[in-house]
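Peer 1: My questions all concern the structure below.
What follows draws every value from the coordinates through simple rules; no lab data is involved. Keep in mind it's a predicted model, so treat the numbers as computed, not measured. Heads up, the Cβs are rebuilt from the backbone with ideal geometry, glycines too, and the neighbour counts pull from every protein chain shown.
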Amino acid sequence: MEFAELIKTPRADNVVLHRPFYLAVEGTLCLTGHHLIFSSRRHDNAEELWLLHSNIDSIEKRFVGSLGTIVIKCKDLRIIQLDIPGMEECLNIASSIEALSTLDSVTLMYPFFYRPMFEIVEDGWRSFLPDQEFELLSSVTDEWRLSCINKDFSVCPSYPPVVIVPKSIDDEALWKVAMFRHGSRFPVLSYYHKKNGMVMMRSSQPLTGTNGRRCKEDEKLINATLRPGKRGYIIDTRSLNVAQQARAKGGGFEQEAHYPQWRRIHKCIERFNILQESLIKLVEACNDQSHNMDRWLSKLEASNWLTHIKEILTAACLAAQCIDREGASVLVHGTEGTDSTLQVTSLAQIILDPRCRTIRGFESLVVREWLQAGHPFQQRCAQSAYSNSKQKWEAPVFLLFLDCVWQILRQFPCSFEFNERFLIMLFEHAYASQFGTFLGNNENERSKLKLPQKTMSLWSWVNRSEELIKFQNPLFEANSLVIWPSVAPQSLQLWEGVFLRWNRPSKFQDEAQEEMINIIKYNKQLQAKVNALRRQIAEMGTDDRM
Amino acid sequence: MEHIRMPKVENVRLLDRLSSRKAALGTLYLTATHVIFVENGSEARKETWVLHSQISSIEKQATTATGCPLLIRCKNFQVIQLVIPQERDCHDVYISLIRLTRPVKYEELYCFSFNPKLDKEEREQGWKLVDLNEEYNRMGIPNNYWQISNVNRDYGVCDSYPTEVYVPKSATAHIIVGSSKFRSRRRFPALSYYCKDNNASICRSSQPLSGFSARCLEDEQMLQAIRKANPGSDFIYVVDTRPKLNAMANRAAGKGYENEDNYSNIKFQFIGIENIHVMRNSLQKMLEVCELKSPSMSDFLWGLENSGWLKHIKAIMDAGIFIAKAVAEEGVSVLVHCSDGWDRTAQVCSVASLLLDPYYRTMKGFMVLIEKDWVSFGHKFNHRYGNLDGDPKEISPVIDQFLECVWQLMEQFPCAFEFNERFLIHLQHHIYSCQFGNFLCNSQKERQELKVQERTYSLWAHLWKNRADYLNPLYRPDHSKTQGTLRPQMAPCNFLYKFWSGMYNRFEKGLHPRQSVTDYLMAVKEETQQLEEELEVLGERLANLQKSQLNGNKVKSKQQDQNKHLGLSTSSNSLANTPQEYSNDLKSFPSRSPSQGDEEDSALILTQDNLKSSDPDLSANSDQESGVEDLSCRSPSGGGCLPSEDSGKDSDEAVFLAV
């Protein structure tokens, strides 16, 4: 298919662009296969806007006489407006945008066409390989092995080719366990807590059904992670009620009788359309320009967004607490094990493991616990807050995770190597990107699409020093301790950086950031100078020190 | 003291609000000024001190098997739950406290016994720190349009006004006195703020006694005079900060508001800020939300909305924004009033001044602002904050709301204020503590009669002495040049009004961010300053050494010396990165990261920090183990109250498992 077929009017003049924080400006609008480009050629420093079609969540058009107006709502929550003279042009452009922003085929997406303008220092597709992760693990324990049972994705289509499992469990047993778990997602290692050797595993629900099926191998697998005489915790991210209902559909949960060494705790993390509706309501509240305080608070409350944040964080804290404070191993699962499960396991690691609070470590966490673990990014991020389609698969699961990280970052502003912008950047790229990293729903699909060969990795771009500097937190001081966030309502806030980003100028917050950087930079300069002088005095060969 | 029936009770338990399992056993003492709880056994005698004047209510609850519970709520939002073993003891403590917390004479208040060991001269200096004449001079007054009037000397015209009042030059004594007779409590229009760039001003007064049709020529002339004092504008705004309905109701009592037909060239405007009773109830409702045990997000947000608190804060802010806009952008003068002109009017005038003038965003300027708009113009501190036993219906968190407006602005404009959140919190504490004389009584007249300045100390001097603790490290004085007037947006989606947990959950440390950006940056800045000093010393020493070496080793050629120089400066960079070198030599530097107490060094320094903490009742506790909640630490005694790891653990469980 040629993009040209979809572009009926490739260019329109005298278009007026309205966007947040800028005065309306007149210029030329061009449509290409992947971008909407606006440029005002009136001055020497022409203003330009490049918008990826894939970033467009929804469009609305209206007419006043022959003047057409297109309102474009983006997945990053920005809203822009184009006034286009001429009804036909406007209609053509609107339908082109509509078609180009809802392309069916992944291979037509921009990452397959994008050619980087920067030098590739490190290929991001090879930055975080499971073997490296396993090597790190092997240096502290020999109780685990790397299994290639899924090397052609035949056992579990949503798992990566290699997974880490207890050494004592052979591949044959894994086969059987896979049959007993929803979507074949058998329990695998998620995190090893060096401090006390406790582990966190994740899986999907067991297929116990109404007649209480059991699987000896499954029991053996998870028991293999327990120390002699110790108990473990199973954190089911569903309420007991929901978990019980799942039995009717062949799912279920681990019965006490068959897992006597495990204590099951149910948490209630919402899924799919409930989360999507929550996002839609929240963004609606944030865009409400009325001056009424009551309406704002009740809309914020009604969106339930912060309730979801609180529930997810609470479950993650609980998992971390079981591991670090109770000295117990933990298994986390919900239904499929691809959404709330990953929220809990990844957040627990941020709480427990200082490495996950570095830039590199956080990237590795996203790769391990989201991309390789088979979070269906393409389905979940197909639409954002302005979607009106009622498709079942969309949900801001990853955005909720990033929001929770932001909440922890706000409570521990000196313990993270990255800043808020880093999280916002990940949010943007998960929904629309020139990079292939978040395409596809799992490693299987990514490998079929040959993404590593055909597209550029986000990490190749981010991990260059000129980009990294934007994402560094000036206040960072490595903190080797476990960080326990507060989950009280008083401690949780609306993430302004995402949800109010286009409503209020960030000028004053930026200014504060800049000032922080200056304070710390100057301090470091002085330290260097003092040390240089000291050394110089010492080298002069006298003992005349302070 | 004759009111203390029971000076000491043993085996009292202090409950933790968030976790009932964490009770501390100790001894309760009642003194003439404080309630003191001393924990048993612990090496670092953990103490909780509460001033009687901070106590807002005492509640004796039903006796249980473990004893008799006593709930003490404080005006600084601390809540203390004690369990006293014997019902009889509990009753005695209760009766004693009831009396002690309701003093009937000013002389019973703490400031008359508080002695910071300053001599007379120092005390007098302290009272001179804030000088309002100087402030009006700074504004550019007196000038061609404004002058000081002595019409109120000896408080002859208005007993709740200061003796020195600034009025338009064309307002004769006759006009002022005439106008005062037409205003509630004779609070005639007087100058609050003058903008010398465009001559626009903010004046304040009480409501006119207009009833349904009454007029007063002098009052009309007075408003004319205010307009004429701003030649650039042909009208003035009259802002009535009350809801229209309230103002109309007042007409029936012979009071009311200005009729636009009677006053030439005024534009009249209502801004609906509710009265003190509504505000008192609103705070009460919000505090109930704060006290909820493990509330859900919906409980909290619903409760917050239902309390209306943030709506009221927004109303005050909106009024301030309106006035600041009129003055800065339209160049129009504004007369502000409410009913008596000492509550809402004070709030609104001070918010507007703060938005308009960067000086008020400095520490000194903020003291001046409070002194000008609140203390001198007769805000009834004694009635509003219940210092002496009085009518509970008079109590209302008027200045608390103003302080919150300032905090909300600080959140929006992080570089615009010289002071930090702690400054506001300590100020709030001292408005209620009665430890200093500044906020005693209801008016300047009463304070003069009581000889407050001769018998008590000034809070401003105390805060100023400890100003290092109150600095905002992000403050940029150049901000004021680029951002002279702060222009906050008005819609909630633009200006996010937040719940101020630092104030209302001040004593629930576990709810606050565990690492403080302010403290961290202050430590860095302090270190930077020491480095600057050291750099100078080292530079001098190097110069001396070089000189003596040159003198001693004449063999060494100049060429060699330079080579050595170059070699050194390149290696110095890598050296800067070796922490050992740095920490060995600079042991006296403060801990960079207040939360990282796992190293012995920083823990030690933290204790020192706590000890030097400026306020004995306001210890700033830092976590010793990063992240683990410190809920046990509410002892007011400076240092020596390090939380144990276990206490943090318990509270974690309570938080996560209970949900």
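Peer 1: Let me know the shape class of the range B:266-386, please: from the alpha-carbon gyration tensor, a ≥ b ≥ c as square roots of the eigenvalues, rounded when a/c is under 1.5, otherwise prolate if a/b is greater than b/c, or oblate. Walk me through the numbers before you get to the answer.
Peer 2: Details: a/c = 1.89, a/b = 1.70, b/c = 1.11.
Judged from the Cα gyration tensor, the range B:266-386 comes out prolate (a/c at least 1.5, a/b above b/c).
Peer 1: Could you put B:Met503, A:Met179, A:Met109 in order, starting from the residue whose Cβ has the fewest other Cβ atoms within 10 Å?
Peer 2: Values: B:Met503 18, A:Met179 14, A:Met109 22.
Placing the least packed residue first, the sequence is A:Met179, B:Met503, A:Met109.
Peer 1: Evaluate peptide A:412-420: per residue, the Cβ atoms of other protein chains within 10 Å of its Cβ; return the mean as an integer.
Peer 2: 4
Peer 1: Within a Cβ distance under 11 Å of A:Thr107, other residues only, what is the Lys/Arg minus Asp/Glu net charge?
Peer 2: +2
Peer 1: Please give me the summed charge of the neighbours of B:Met363: other residues whose Cβ is under 12 Å from its Cβ, Lys and Arg +1, Asp and Glu -1.
Peer 2: Summing Lys/Arg as +1 and Asp/Glu as -1 gives +3.
Peer 1: List the trypsin sites (Lys or Arg not before Pro) in the range B:118-159 that DSSP assigns to loop (not H, G, I, E or B) and whose Cβ has at most 16 other Cβ atoms within 10 Å. Which are they?
Peer 2: The qualifying sites: there are none.
Peer 1: Suppose only helical runs count, i.e. DSSP H with n ≥ 4. What mean residue ellipticity at 222 nm does that imply for the protein assembly as shown under -39500 (n - 2.57) per run, divided by all residues and rounded to the nearest 500 deg cm²/dmol?
Peer 2: Theoretical 222 nm ellipticity from helices: -12000 deg cm²/dmol.
Peer 1: On a straight-distance basis, which aspartates and glutamates could pair with A:Lys390 in a cross-link, Cα separation under 12 angstrom, same-chain partners fewer than 8 positions away excluded?
Peer 2: A:Glu277
Peer 1: Kindly write out, for the range A:75-86 in residue order, the coupling ³J(HN,Hα) from the Karplus curve 6.51 cos²θ - 1.76 cosθ + 1.60 (θ = phi - 60°), rounded to whole Hz, with x marking Gly and Pro.
Peer 2: Whole-Hz 3J(HN,Hα) from phi for the range A:75-86: 5, 7, 6, 6, 10, 10, 9, 10, 9, 10, x, x.
Peer 1: DSSP loop GluC sites (Glu not before Pro) in the range B:42-134 with at most 10 other Cβ atoms within 10 Å of their Cβ, which ones?
Peer 2: Loop-located and lightly packed - B:Glu43.
Peer 1: Show me the trypsin sites (Lys or Arg not before Pro) within the range B:272-343 that DSSP assigns to loop and that have at most 16 other Cβ atoms within 10 Å of their Cβ.
Peer 2: B:Lys293
Peer 1: Okay, moving on. Order by neighbour count: B:Asp519, B:Asp159, A:Asp218, A:Asp123, fewest other Cβ atoms within 10 Å first, most last. Mind showing how you got there, number by number?
Peer 2: Details: B:Asp519 22, B:Asp159 17, A:Asp218 27, A:Asp123 12.
The order, fewest Cβ neighbours first, is A:Asp123, B:Asp159, B:Asp519, A:Asp218.
Peer 1: Per residue, what volume in Å³ does the convex hull of the Cα atoms of the range B:120-520 enclose?
Peer 2: Expressed per residue, the convex hull around the Cα atoms of the range B:120-520 is 143 Å³.
Peer 1: Highest first, please rank the peptides B:507-514, A:483-490 by the mean number of other Cβ atoms sitting within 10 Å of their residues.
Peer 2: A:483-490, B:507-514
Peer 1: Here are some pairs, A:Lys8/A:Lys73; B:Lys128/B:Lys465; A:Lys524/B:Lys525; which of them have Cα atoms lying more than 19 Å apart in this structure? Spell out each step's value before the answer.
Peer 2: Working: A:Lys8/A:Lys73 21 Å; B:Lys128/B:Lys465 14 Å; A:Lys524/B:Lys525 11 Å.
Violating the 19 Å limit, Cα to Cα: A:Lys8/A:Lys73.
Peer 1: Provide the per-residue ³J(HN,Hα) series for the range A:143-157, in order, calculated from phi with Karplus coefficients 6.51, -1.76, 1.60 and θ = phi - 60°, each as a whole number of Hz, with x at glycine and proline positions.
Peer 2: Once rounded to whole Hz, the list reads 8, 10, 9, 8, 9, 9, 3, 9, 4, 10, 6, 7, 7, 9, x.
Peer 1: Per-residue counts of other Cβ atoms within 10 Å, averaged by peptide: what ranking do you get for A:197-209, A:310-322, highest first?
Peer 2: A:310-322, A:197-209
Peer 1: When we measure straight from the Cα of B:Lys105, which aspartates and glutamates land under 20 angstrom away, once same-chain ones fewer than 8 places off are left out?
Peer 2: Those aspartates and glutamates meeting the cut-off are B:Glu2, B:Asp389, B:Asp391, B:Glu394, B:Glu446, B:Glu449, B:Glu454.
Peer 1: Which aspartates and glutamates have a Cα less than 17 Å from the Cα of B:Lys169, not counting those fewer than 8 places away in the same chain?
Peer 2: B:Glu218, B:Asp219, B:Glu220
Peer 1: Got a sec? How would A:Ser290, B:Ser501, B:Ser180, A:Ser158 order by Cβ neighbour count within 10 Å, fewest to most? Intermediate results must be reported in sequence, preceding the final value.
Peer 2: Numbers: A:Ser290 11, B:Ser501 19, B:Ser180 27, A:Ser158 23.
Starting with the residue having the fewest Cβ neighbours, the order is A:Ser290, B:Ser501, A:Ser158, B:Ser180.
Peer 1: Would you tell me the mean number of C-beta atoms belonging to other protein chains that fall within 10 Å of each C-beta in B:404-417, as a whole number?
Peer 2: Per residue, the average neighbour count from other chains is 2.
Peer 1: In nanometres, what is the gap between the two model label sites at B:Met248 and A:Ala302, each 7 Å from Cα along Cα-to-Cβ?
Peer 2: 3.0 nm
Peer 1: Here's another thing I want to ask about it. For peptide A:519-529, compute the average count of partner chain beta-carbon atoms within 10 Å of each residue's beta-carbon.
Peer 2: For this peptide, the per-residue mean of nearby foreign Cβ atoms is 6.
Peer 1: Under a plain spin-label model, where a point goes 7 Å from the Cα along Cα-to-Cβ, how far apart in nm are A:His18 and A:Lys521?
Peer 2: Taking the simple label geometry, A:His18 and A:Lys521 are separated by 3.8 nm.
Peer 1: Still on this structure, I have one more. What order, most packed first, do the peptides B:362-373, B:388-399 have when packing is the mean number of other Cβ atoms within 10 Å of each residue?
Peer 2: Working: B:362-373: 22.0, B:388-399: 16.8.
Going from most to least packed, we get B:362-373, B:388-399.
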